[in-house]
1. Using the charge dipole of the chain (Lys, Arg: +1 at Cβ; Asp, Glu: -1 at Cβ; taken about the Cα centre), state which of 65, 87, 97 has its Cα farthest towards the positive end.
2. Strictly over 27 Å apart at the Cα level, which of 8/80; 58/80; 8/70 would you flag in this model?
3. Suppose we take every Cα in region 10-78 and form the convex hull; what volume per residue is that in Å³?
4. So how tilted is helix 69-82 from the main axis of the chain? Cα-based, degrees 0 to 90, rounded to 10.
5. Between helix 23-37 and the chain, what is the angle of the helix's C-alpha long axis to the longest principal axis, kept within 0 to 90° and rounded to the nearest 10?
6. In terms of modelled amide H atoms, which long-range or inter-chain residues lie less than 5 Å from the amide H of residue 48?
7. Kindly provide the pair-distance distribution of the chain built from C-alpha pairs, with 10 Å bins from 0 and whole-percent values in order of increasing distance.
8. If the chain between residue 67 and residue 36 were fully stretched, how many nm would it gain, using 0.36 nm times the residue separation less the Cα-Cα distance?
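What follows draws every value from the coordinates through simple rules; no lab data is involved. Only a predicted model underlies this, so the values are computations on that prediction, with no experimental measurement involved. Note: ideal-geometry Cβ built from the backbone for every residue, glycine included; neighbour counts use all protein chains shown.
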Amino acid sequence: KNYNLVYKMNILEIHNKYKIRGGENVVFDLESNLLRANGHKVQQMVFDNRDIVNVFDKAKTLSSVMYNKKSASVIGDAIKSFSPDVVHVHNFYPIASPSVFYMANRLGVPTISTPGKSNSEKCVFDFV
């Protein structure tokens with residue numbers, strides 16, 4: 001059998017980084033490197049909680065935690081320009097929001113998600 005007949009994919013990886021680098025950030029980077037090393041095209045889309053710097057940023061982020069219009073627009077643009085076969089979501093709270101899944105579905109791209117800590121725990125941790 002020839003096991004080299006593997007379909008090479010375009011993969012859009014999305015991750016909302018914590019303020020303090022942790023295990024999920026490491027997994028995100030290592031996985032992207034592994035996929036690239038095996039011939040897949042990977043585009044990373046990163047949202048960073050370090051962008052939440054003051055009480056106004058926290059209020060704005062909290063108000064869009066269920067659906068972030070700006071993130072949805074950026075994600076939609078990335079999907080249209082990169083044409084991924086799949087969107088792989090690592091962490092989407094609080095900035096990327098569930099809009100990640102809405103936009104991928106709207107544009108007909110399947111999603112997979114890598115579970116980590118509970119998303120509610122992530123959201124609360126980064127707001128403290």
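1. Going by the charge dipole, the pick is 87.
2. With Cα atoms farther than 27 Å apart: 58/80; 8/70.
3. Per-residue hull volume (Cα only) is 85 Å³.
4. The helix 69-82 is inclined about 10 degrees to the chain.
5. Here the helix axis deviates by roughly 20 degrees.
6. 17
7. Reading upward from the zero bin: 12, 43, 32, 10, 2, 0.
8. Value of the extension gain: 8.1 nm.
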